[in-house]
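Data block below; observations after.
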Amino acid sequence: MEPLIQLKNIRVKFPVKRGFASMIAGQEKKVVHAVNGINLEIGKSEIMALVGESGSGKTTLGKVITVLHPKDAVAGEIVFLGESLWDEKGKLKSGYHQEVCMIFQDPYQSLNPKHKIEKIVSEPLVVNKISKSKAVLRVRVIQALEDAGLVPAVDFLDRYPHELSGGQRQRVVVASALVMSPKLIVADEPVSMLDVSIRSEILKLLLKLRDEKGISCLFITHDISLAWAISDKIGVMYLGTMLEYGDTESVIQNPQNPYTRALIDIMPKMRVRKNEKRMLLKGETPNPIELPEGCVFHPRCPLAMACCKATKPPSRDVGNGHINVCHLLE
Ligand SMILES: Nc1ncnc2c1ncn2[C@@H]1O[C@H](COP(=O)(O)OP(=O)(O)OP(=O)(O)O)[C@@H](O)[C@H]1O
Ligand SMILES: [Mg+2]
């Protein structure tokens with residue numbers, strides 16, 4: 001598949017704000033290693049899911065793609081449609097903010113309650129100086145609302161967010177992204193606040209946008225069963241590292257990494273590994289300020305061996321680009 005975007009060795013570090021006490025005690029400045037050397041590729045018309053527990057760096061990576069972090073926090077290379085995202089002078093490729101949009105989790109907070117839907121959805125066009133003409137804006141807003149499944153669109157233009165259901169609000173959020181005609185939508189936990197009955201509607205909408213408009217999506221979720229339902233490809237993140245990566249069916253039906261197996265095993269409805277012993281993890285994701293030596297996952301891995309504590313595991317292709325980063329099977 002032709003790549004839309006490629007991330008090469010992406011690293012994100014944030015300084016930890018120090019309290020007065022630690023400053024006068026002369027303690028060293030600390031950093032959070034939120035993302036540590038991630039490589040990934042999203043194809044045209046492809047949905048990639050990023051899964052992992054809280055704090056694994058999913059949102060941070062989503063914000064790297066949408067260029068929402070301060071530049072000095074991010075290292076590595078991003079290639080969009082075959083070209084580097086920044087020129088030699090460090091200037092961002094023009095028009096990039098129109099090609100890539102981010103949708104957040106909470107449709108209640110992401111819509112301004114004082115504005116009508118027409119104003120909310122047209123705002124990205126105004127901010128990006130695409131048009132000032134009321135007529136042009138209205139045509140694009142109506143098209144975006146219809147593409148997001150809010151029909152007839154004219155019935156929604158004059159409403160306020162509180163006059164909509166949760167599912168409809170999330171569709172308005174999607175419409176605000178679609179109005180820019182993006183090539184990639186980064187959707188950060190877009191259905192986790194929604195009722196189960198309307199979750200599948202929003203998932204179907206993302207699939208429809210992929211199939212009918214060729215829009216790619218990075219779908220961020222902590223729920224591997226949702227990732228399975230919607231994605232073409234899955235990346236499994238742990239403490240800022242990608243532990244497993246590949247086509248969704250291959251990763252779910254034939255998970256290689258103990259962490260991926262554990263994520264699958266806690267999902268009651270995913271019975272793909274029913275003949276095997278369940279993999280249960282101890283403890284919680286450690287603090288990304290002091291990363292474990294060797295494999296980042298070893299302190300919680302039920303199968304950890306001596307080498308896992310000492311050396312970083314290799315990245316191995318187990319077939320068709322299905323990558324596993326683990327010392328097992330060496
Ligand atoms: N602006 C920031 N400054 C300092 N630390 C940050 C910042 N943003 C994120 N972090 C830290 O980076 C790590 C990764 O955070 P991130 O939000 O990417 O995780 P996540 O996988 O999206 O988690 P969740 O599932 O809870 O949303 C966390 O330890 C977090 O505290
Ligand atoms: Mg997050």
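The values are calculated or read from the model by the stated rules, or taken from the named source; none is laboratory data. Remember, predicted model here, so these are calculated numbers, not experimental data. We place every Cβ from the backbone using ideal geometry, glycine too, and count neighbours over all the protein chains shown. The protein model used for the area step is the full one, side chains on, heavy atoms only, and it has no ligands, DNA or RNA in it. Shrake-Rupley method; radii C 1.70, N 1.55, O 1.52, S 1.80 Å.
Projecting the Cα atoms of 294, 327, 117 onto the dipole axis of the chain, where Lys and Arg carry +1 and Asp and Glu carry -1 at the beta carbon, places 117 farthest toward the positive end.
Take the convex hull of the alpha carbons in the stretch 1-117; its mean projected area over all directions comes to 11.2 nm². Computed with every protein chain present, the accessible area of residue 151 is close to 90 Å² [probe 1.4 Å].
Which entries in the list 134/204; 29/58; 93/312 go over 29 Å, if you measure between the two C-alpha atoms of each?
134/204; 93/312
Enter the accessible area per residue of the chain (Å², integer; probe 1.4 Å; all protein chains in place). Write out the running numbers ahead of the final one.
Working: 16650 Å² over 330 residues.
Computed with neighbouring chains in place, this is 50 Å² per residue.
Restricting the trypsin sites (Lys or Arg not before Pro) of the stretch 281-330 to loop positions (DSSP other than H, G, I, E, B) with no more than 13 neighbouring Cβ atoms within 10 Å leaves 282.
Evaluate E = 1/(1 + (r/R0)^6) for residue 72 and residue 312, where r is the Cβ-Cβ distance and R0 equals 22 Å; express this FRET efficiency to the nearest 0.05. Provide the component values of the computation, followed by the final result.
Details: r = 26 Å, r/R0 = 1.16.
So the FRET efficiency works out to roughly 0.30.
Counting each pair of different Cα atoms once, what's the Kirkwood radius of the chain in Å, rounded to one decimal?
On the way: mean 1/r = 0.0470 Å⁻¹.
Evaluated on the chain, it is 21.3 Å.
With helices as the sole contributors, the chain gives -8500 deg cm²/dmol at 222 nm; each DSSP H run of n ≥ 4 counts as -39500 (n - 2.57), and the sum is divided by every residue. Using a Förster distance of 35 angstrom, determine the FRET efficiency expected from the C-beta separation of residue 207 and residue 29, and round it to 0.05. Computed FRET efficiency for residue 207 and residue 29: 0.20. Lys and Arg at +1, Asp and Glu at -1: add these up for the other residues within a Cβ distance under 10 Å of residue 321 and post the number. Around residue 321, the charge tally is -2. The magnitude of the dipole of the stretch 95-247, with charges of +1 and -1 set on the Cβ of Lys/Arg and Asp/Glu and taken from the Cα centre, is near 720 debye. One chain, two ends: residue 266 and residue 154. Fully extended at 0.36 nm per residue, the span grows by 35.9 nm beyond their Cα-Cα distance. Taking the DSSP beta bridges with both ends in the chain, the antiparallel portion is around 60 percent.
Ignoring ligands, DNA and RNA, what percent of the accessible area of the chain is carbon or sulfur (1.4 Å)? Kindly include the intermediate steps, with their values, before the conclusion.
Values: 8640 of 16650 Å².
In the chain, the share of accessible area belonging to carbon and sulfur is 52 percent.
The loop-placed GluC sites (Glu not before Pro) in the stretch 60-106, going by DSSP, that have at most 13 neighbouring Cβ atoms within 10 Å of their Cβ come out as 88.
Under a plain spin-label model, where a point goes 7 Å from the Cα along Cα-to-Cβ, how far apart in nm are residue 114 and residue 303? Computed distance between label sites residue 114 and residue 303 equals 5.6 nm. Using C-alpha pairs below 8 Å separated by at least 6 residues, the relative contact order for the stretch 224-321 is 23 percent. Averaging the sequence gap over all C-alpha pairs within less than 8 Å and six or more residues apart, then dividing by the number of residues, gives the chain a relative contact order of 21 percent.
In debye, nearest 20: dipole of the stretch 36-172 around its Cα centre with unit charges on the Cβ of K, R (+) and D, E (-)?
Numbers: 18 positive and 17 negative charges, 125 e Å.
The calculated dipole for the stretch 36-172 is roughly 600 debye.
Sorting 197, 133 by accessible area (1.4 Å probe), largest first, what list results? All intermediate terms of the calculation are to be shown ahead of the outcome.
On the way: 197 80, 133 50 Å².
Putting 197, 133 in descending order of accessible area: 197, 133.
Loop-resident trypsin sites (Lys or Arg not before Pro) (DSSP state other than H, G, I, E or B) in the stretch 90-173 with no more than 12 further Cβ atoms inside 10 Å of their Cβ: 91, 114, 129, 132.
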